[in-house]
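S.K.: Before I ask anything, here is the structure I am working with.
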Amino acid sequence: MQTYLWVCLILFLAGFTQGMSGFGAVLVSIPLLSLILDIKVVIPLAALAAEVITLIVLVQLRHHLEWKKICPLIISSIPGIAAGVYFLKKVDQSIIHIILGTTLIIYSMYSLFSKRPLKGIRAGWAYFFGFLGGCMGGAFSASGPPVIVYTSLSSWSKDQIKVTLQGYFILSGFFVIAGQATGGLTTVEVLRLFAASIPVLALGTYVGSFFYGMIPETGYRRIILIMLAVLGLFMAIRT
């Protein structure tokens, strides 16, 4: 019973985080859940929880959804996944984690303190960042950072940024869940914990979305950059 309560609390925090910022559910859930559950349970449970959270946010912002923004990211991520799987076999993961984590920290800190006005990034760069996201997804099951960087460089509104991330995450998450189920990772225990936590996931996501509505455009971009810095620090320290 105590374990279940901790799982609910952690998944509430995961829902709150992504409801407010548009990403971060996995960043919150995996390290905390791994303190109380076996990692073989944590990974598929976090993937299922993130998919529900993403779906809720996507429905909330569906009027801002533009598939033309998401399709280049998804299309280019497919060959990136294959490349990532190859690098996973050939390259030391710890080195890549340190380089990527450091890069995210430097980029976030520079963007937070830079006084240069945001001009936006050309749409063609979506293919490059989508490919990088696929590489990270194939190698580390973490496709988010490059796509988050791409959206933070855009001149879109905060609603467009958030819903584009959800569109990308929900499609990539589907393939991750399908792969885990095929590989036998989605066990009865995972499904039991997931089903019992759905109300808490929904509540956390709606509470996070409530606070999201209070955040101005400039404040939202700062939140993205701060969370990217935290993500980079987490990747470097975990290594």
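S.K.: Restrict the check to segment 217-226 and report whether at least one residue is among the acidic types (Asp, Glu) and at pLDDT 85 or above.
M.R.: no
S.K.: Answer with yes or no whether SER21 is hydroxyl-bearing (Ser, Thr, Tyr) and within 18 Å of PHE174 (Cβ to Cβ).
M.R.: Criteria not met by SER21.
S.K.: State the number of residues belonging to segment 134-153 that are in contact with a Gly (Cβ under 8 Å, 6 or more places away or on another chain) and either surrounded by fewer than 20 Cβ atoms within 10 Å (Cβ to Cβ) or basic (Lys, Arg) (or both).
M.R.: The total comes to 2.
S.K.: Sticking with this structure for a sec: For segment 154-185, give me each residue that is closer than 26 Å to LEU225 by Cα and polar (S, T, N, Q).
M.R.: Of everything in segment 154-185, those that are closer than 26 Å to LEU225 by Cα and polar (S, T, N, Q) turn out to be SER154, SER155, SER157, GLN160, THR164, GLN166, SER172.
S.K.: Have a look at ILE74, ILE70, ILE78 and point out the one that is closer than 22 Å to TYR220 by Cα, touching a Gly at 6+ places or on another chain (Cβ under 9 Å) and in contact (Cβ under 8 Å) with a residue 40 or more places away in the chain. Before you say what the answer is, go through the steps one by one.
M.R.: Numbers: ILE74 fails: closer than 22 Å to TYR220 by Cα; ILE78 fails: closer than 22 Å to TYR220 by Cα.
After ruling out the rest, the residue left standing is ILE70.
S.K.: I would also like to ask the following. Take residues that are within 13 Å of LEU48 (Cβ to Cβ) and under 16 Å from the mean Cα position of the chain (by Cα) and tell me which of the helices (runs of 4 or more DSSP H) falling wholly in segment 102-202 contain 1 or more.
M.R.: The qualifying helices (runs of 4 or more DSSP H) are 158-182.
S.K.: If you go through segment 15-74, how many residues are closer than 18 Å to ASP159 by Cβ, in a helix (DSSP H, G or I) and not β-branched (Val, Ile, Thr)?
M.R.: The qualifying residues number 14.
S.K.: Would a scan of segment 215-227 turn up a residue that is over 28 Å from LEU9 (Cβ atoms) and under 15 Å from the mean Cα position of the chain (by Cα)?
M.R.: no
S.K.: Oh, and also: Quick one: in segment 162-215, which of the residues that are more than 15 Å from LEU37 (Cβ to Cβ) and in contact with a Lys or Arg (Cβ under 8 Å, 6 or more places away or on another chain) is surrounded by the fewest Cβ atoms within 10 Å (Cβ to Cβ)?
M.R.: Taking the candidates together, the pick is ILE215.
The values are calculated or read from the model by the stated rules, or taken from the named source; none is laboratory data. Note that the coordinates shown come from a computational prediction; the quantities given were computed from them, not determined experimentally. We place every Cβ from the backbone using ideal geometry, glycine too, and count neighbours over all the protein chains shown.
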